[in-house]
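Accompanying notes for the structure given below.
The values are calculated or read from the model by the stated rules, or taken from the named source; none is laboratory data. Just so it is clear, the model here is predicted, and its values are computed rather than measured. Cβ sites come from the backbone with ideal geometry, for glycine too, and all protein chains shown count toward neighbours. Surface areas here come from the heavy atoms of the whole protein model, side chains and all, with no ligands, DNA or RNA. Shrake-Rupley method; radii C 1.70, N 1.55, O 1.52, S 1.80 Å.
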Amino acid sequence: ILMPLFKNQKDDLKFVKDLYSKSILQGEDSMKMIEKYTKNWDVDRIARLDTVIMKIAITEFTSFPSIPVKVTMNEYLEIAKNYSTEKSRIFINGILDKVLIDLKESDSVKKSGIGLINR
């Protein structure tokens, strides 16, 4: 017996579709941010899954105001730990930390809701 794919079918499915489409639309911009902090790396040598994880996390930072930054970081680092290479979690954390600083400085991270303002 398989567990249900979504906890709340309607809301969760909408979230997944929004995250997917926004990640695709922002993919080029997200990649530019990633490349800015991987200058000493041959981009083709970065694990493809690591690139995808970082792109999706950047999309959550910028396009989902109700999701706290810490939640996004924790979720995607956990995905990297479970599904990517042994050192991916550390690599992704370092890149996303730097990208997040840039995004905050450019006022591209706007969080709203209780406990989210100015974080």
Check LYS36, LYS98 and return the single one that is of a type outside the set (Val, Ile, Thr), in contact with a Phe, Trp or Tyr (Cβ under 7 Å, 6 or more places away or on another chain), over 17 Å from LEU19 (Cβ atoms) and in contact (Cβ under 8 Å) with a residue 12 or more places away in the chain. LYS98
Within segment 30-63, take every residue that is open to solvent by 90 Å² or more (accessible area, probe 1.4 Å) and modelled with pLDDT of 90 or more and give me the one that is farthest from LYS87 (Cα to Cα). LYS32
For SER21, only one of the following conditions fails: (1) at pLDDT 95 or above; (2) open to solvent by 60 Å² or more (accessible area, probe 1.4 Å). What is its number? (2)
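Of the residues ILE92, ILE53, ILE67, which single one is of a type outside the set (Gly, Ala, Ser), closer than 29 Å to LEU5 by Cα, within 13 Å of the chain's Cα centre (by Cα) and not in a helix (DSSP H, G or I)? Break it down into steps so the answer makes sense when it comes.
Values: ILE92 fails: not in a helix (DSSP H, G or I); ILE53 fails: not in a helix (DSSP H, G or I).
Answer to the check: ILE67.
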